[in-house]
Every structure is written in structure tokens, then in C-alpha cells.
Amino acid sequence: MIQTYFAQIKRVIEQYSATSFVLEAQMHFDMRPGDQGYLTGTLIFVDDSKLHFSEYLDQTGEAVDKLMYAYHY
């Protein structure tokens, strides 16, 4: 499930990266023990602004929960 979530996030960011308002996208995905995962990344926009994000995820059954998250624009 976490791998599916990672793939969805990657697909969305790649779609926005194909537009003219996102200059660069960096993402890192890391699986952790105990059905947990961590993702972090940065988007750089055409006006030189940046979005930094991170999410710490936990899989419980069929659901993926965000244990911690941070988004800084």
C-alpha cells in the first residue's frame, strides 16, 4: 500500500513538473521497517519559490496514515 501511495505522489508531481510553472522536482522515497515509509522532496517553481515537503507514513491494514507531515512553502 505504501508503495502504491509513493507511486501516486510521484505520478502527480511528474504531471505538474511537465507544466511550465514547475522548474524542478526532487523526491526521495524510503521504506521503513514495520510497514512504514518516509517521503521527502522539493518543488522549485518558475518564480523561484520552493515547496519543501515530508511525510512519515504507516500502513494499518488497507489504509495508509500520515503519522507526521510537514509542508513549507
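Where a number appears in this text, it was derived from the coordinates with a stated rule and is not lab data. Keep in mind that what you see is a predicted model, and the values were worked out from it rather than measured. Using ideal geometry, Cβ is built from the backbone for each residue, glycine included, and neighbour counts are taken over all protein chains shown.
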Give the number of residues within segment 29-70 that are surrounded by fewer than 13 Cβ atoms within 10 Å (Cβ to Cβ) and among the small types (Gly, Ala, Ser). 5
For segment 17-28, give me each residue that is under 9 Å from the mean Cα position of the chain (by Cα) and surrounded by 15 or more Cβ atoms within 10 Å (Cβ to Cβ). MET27
Identify all residues within segment 1-16 that are free of Cβ contacts under 8 Å to residues at least 12 places away in the same chain and surrounded by 12 or more Cβ atoms within 10 Å (Cβ to Cβ); write none if there are none. GLU14
